[in-house]
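What follows is a set of notes on a single structure, which appears directly below.
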Amino acid sequence: MKNNLIHKVSIKEKIGYALGDGAANIAWRGVSTFLLFFYTDVFGITPATAGLLLLIARSSDGFSDVLMGIVGDRTNTKYGKFRPWVLWTAFPLAAILSLLFTSPDLSETGKVVYAYTTYILFTLIYTANNIPYGALMAVMTGDNKERTSIGSYRMVGAFAGGMLVQGALLFLVAYFGNVNPSIEVNELAPSKYEVTVSTPETVENANIKTVDGIALFTWASAEVDTANHPSNYKSFSMEPNTAYTFIVEGEEGVKPEKIRLINQKKGYSYSIYVLSFFLAIFMVITFLSTKERVQPSPSQKSNLGKDLKDLVHNKPWLVLLGIGLLFTIYNSIKQGIVIIYFTHYLHNQLLAASFLVGLMIASIFGAMVTAPLGKRLGKRKLFIYALLFSGGVNALIVFCGPQDVSAIFVIGIVSEFASAIFPTLFFAMLGDAADYSEYKNGRRATGLIYSAGSFVTKFGGGLAGAIIGLILSIYHYDGLDASSIEGAVPAIKMLMSWIPALVALLAAVLMTIYPLTQSKLDEITVALNSRREKERI
């Protein structure tokens with residue numbers, strides 16, 4: 001049997017493991033990027049209600065995450081402790097994600113109840129899947145450097161999954177939600193047209209634009225929208241057999257076939273159904289392609305009280321909790337405001353898809369360079385440098401106007417390259433914290449350590465959603481009311497720029513007290529593998 005110290009995980013196994021986070025991020029990135037917009041602009045829930053929902057549901061994760069970690073540590077099957085949970089939860093997770101973006105016809109109270117029910121179920125099933133998945137990385141090998149490499153592959157998979165959902169979803173929404181209305185186009189002047197649309201059916205969340213997305217739409221009657229700013233699309237509710245008229249400018253050759261009217265409710269639902277199918281398949285592949293190698297000492301007896309006591313005295317783990325909370329708030333605010341920012345500040349929602357794809361590509365490169373940079377600088381220093389750089393660059397977006405699209409893309413991509421280092425290091429460092437506990441106390445509770453780490457990342461996402469909802473509410477944002485959207489533009493700009501940057505600064509300060517240097521980690525790795533070899537003899 002190979003010594004865990006020198007065991008190198010094959011590239012095939014690393015890719016198989018990475019597909020699991022690709023699947024998880026179809027759910028996670030889909031929810032963190034699109035759910036708030038879906039709730040406020042499609043399903044019809046107020047920002048304050050949606051923000052409170054995200055906070056309350058994520059707060060309840062504390063108990064479920066820790067419970068799942070305890071259950072994972074005590075699961076014993078022929079496939080291991082953690083791998084089976086990846087398989088058992090694959091299809092339930094796909095199903096609940098689909099329900100999350102389904103829009104049943106309910107009263108205002110019914111919508112809130114449905115949102116709470118489906119979102120809480122989503123967090124519970126995601127927990128049952130993601131806690132064991134994260135812990136699996138720590139037991140694939142006992143080499144802390146090899147674990148960083150696995151973490152890099154994992155994050156490449158995570159960002160690829162994020163790129164799939166963030167890059168494709170809006171285009172899938174446009175495809176599946178396409179409405180075939182009655183359209184009349186009258187040319188008023190060169191590149192200026194009067195467009196009238198109607199449909200025999202009710203469409204509660206219609207979205208109109210040209211196929212190329214270039215032309216600017218304004219309502220023909222200011223009574224419909226008092227602000228009536230030109231934008232690349234208009235969102236509105238359609239009554240059956242009622243005519244809606246727009247002035248369309250800035251694009252030549254506008255004809256009926258060049259007008260696209262989208263049913264956003266139908267579009268979001270069908271798009272998520274397709275992506276959920278791939279989520280389930282990727283999870284199954286992860287189960288089939290990975291292997292657990294690091295096991296607790298045969299002499300270790302189950303003792304939850306001792307495990308919890310060891311946990312609260314584990315300083316590296318305590319510091320990582322704070323770091324995980326802060327960097328998740330940072331990333332989640334940035335992700336959660338993107339669609340609203342591009343929709344209501346740049347007036348080009350589909351451009352958000354290109355922006356998000358750019359961020360994901362930058363993230364993949366950021367994850368790929370983490371392992372070599374970590375070897376050169378050490379994980380602690382690299383984490384601090386990445387936090388300061390990413391936050392500082394991101395703050396520059398506040399100076400960008402709606403016309404500064406190129407600058408917004410460059411700033412966002414450069415910032416995201418550095419922020420991709422955060423989760424790549426974080427999950428590898430949780431494995432280091434598990435090693436530290438085993439080294440110091442002679443006991444290993446990998447699932448418990450990862451469960452609490454996972455909780456703060458999810459709770460951080462809930463806090464971020466609450467922060468976004470609160471700030472937008474202070475500025476009276478209402479996604480279904482054009483005049484209130486205009487008044488909330490300053491809040492949208494702050495949330496996209498310097499507010500998350502302040503959070504990154506706090507995280508960098510906290511990381512300065514993290515105690516595990518690279519030399520200490522190497523010492524722990526050698527000692528643990530020597531101890532495990534003796535126990536096998």
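Read-outs: derived from the displayed coordinates by stated rules, not from any lab. Predicted model, so just to flag it, every value in this text is computed and none were measured. Glycine also receives a Cβ, built like all others from the backbone with ideal geometry; neighbour counts cover every protein chain displayed.
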Would you work out which of 213, 245, 229 lies farthest towards the positive end of the dipole of segment 178-264? Charges go on Cβ: Lys and Arg +1, Asp and Glu -1.
213
Among 22, 476, 36, the residue whose Cα sits farthest towards the positive end of the charge dipole of the chain, when +1 is placed on the Cβ of each Lys and Arg and -1 on the Cβ of each Asp and Glu, is 22
With the dipole of the chain defined by +1 on each Lys or Arg Cβ and -1 on each Asp or Glu Cβ, the option from 283, 338, 405 whose Cα lies farthest towards the positive pole is 283
Before rounding to the nearest 500, sum -39500 (n - 2.57) across all DSSP H runs of length at least 4 in the chain and divide by the residue total; then give [θ] at 222 nm in deg cm²/dmol.
-22000 deg cm²/dmol
On each of the three principal axes the extent of the alpha-carbon atoms of segment 304-388, given in whole Å and largest first, is 55, 33, 22
Rounded to whole Å, give me the distance from the Cα center of segment 362-396 to that of segment 405-484.
15
Computed magnitude of the charge dipole of segment 178-264 (debye, nearest 20; Cβ of K, R +1, Cβ of D, E -1)
160
Of the peptides 142-150, 454-462, how do they stack up when ordered by the mean number of other Cβ atoms within 10 Å, highest first?
454-462, 142-150
So for each of 213-220, 434-441, 13-20 I average, over its residues, the number of other beta carbons within 10 Å; can you give me the resulting order with the highest mean first?
13-20, 434-441, 213-220
Rg to Rh quotient for segment 3-154, alpha carbon positions, Kirkwood Rh
1.05
Modelled FRET efficiency - R0 22 Å, residue 105 with residue 239, Cβ distances, 0.05 increments
0.90
In nm, spacing of pseudo-spin labels at residue 186 and residue 534 (7 Å Cα→C-beta vector)
9.2
Taking 25 Å as R0, compute the FRET efficiency from the Cβ-Cβ separation of residue 369 and residue 523 and round it to 0.05.
0.45
Using Cα pairs under 8 angstrom and six or more residues apart, how large is the relative contact order of segment 178-264, in percent?
44
Just how large is the dipole of the chain about the Cα centre, in debye to the nearest 20, putting +1 at every Lys and Arg Cβ and -1 at every Asp and Glu Cβ?
3320
Karplus 3J(HN,Hα) series, Hz, for segment 202-213 with 6.51 cos²θ - 1.76 cosθ + 1.60 (x for Gly, Pro):
6, 10, 5, 10, 7, 9, 10, 6, 8, 4, 7, x
Do you know the relative contact order of the chain, to the nearest whole percent, from alpha carbon pairs under 8 angstrom that are 6+ apart?
26
Highest mean first, how do 33-39, 369-375, 519-525 rank when packing is the count of other Cβ atoms within 10 Å averaged over residues?
33-39, 369-375, 519-525
To the nearest 0.05, how large is the calculated FRET efficiency for residue 409 and residue 214 if R₀ is 25 Å and r is the Cβ-Cβ distance?
0.90
Would you mind giving the three semi-axes, in whole Å and largest first, of the ellipsoid equivalent to segment 221-294 according to its Cα gyration tensor?
45, 15, 13
For segment 22-35, Karplus-derived ³J(HN,Hα) couplings (6.51, -1.76, 1.60; θ = phi - 60°; whole Hz; x for glycine and proline) come out as x, 5, 4, 7, 4, 6, 5, 5, x, 6, 5, 8, 10, 5
Kindly give the semi-axes, whole Å and largest first, of the ellipsoid equivalent to segment 178-264, taking each as the square root of 5 times a Cα gyration tensor eigenvalue.
18, 14, 12
Return, ordered by residue number, the residues of segment 474-516 whose backbone nitrogen is under 17 Å from a label point located 7 Å along Cα→Cβ of residue 385.
508-509, 511-512
Please report Rg over Rh for segment 73-195, where both radii come from the alpha carbon positions and Rh follows the Kirkwood definition.
1.19
Phi-derived 3J(HN,Hα) across segment 326-341 with the Karplus relation (6.51, -1.76, 1.60, θ = phi - 60°), rounded Hz, x for Gly and Pro, is 6, 6, 6, 4, 4, 5, 6, 5, 4, 5, x, 9, 4, 5, 5, 4
Using the Kirkwood radius built from alpha carbon pairs, what does the Stokes-Einstein equation give as D for the chain at 37 °C and 0.692 mPa s, in µm² per second?
136
The residues 313, 347, sorted from fewest to most surrounding Cβ atoms within 10 Å, come out as 313, 347
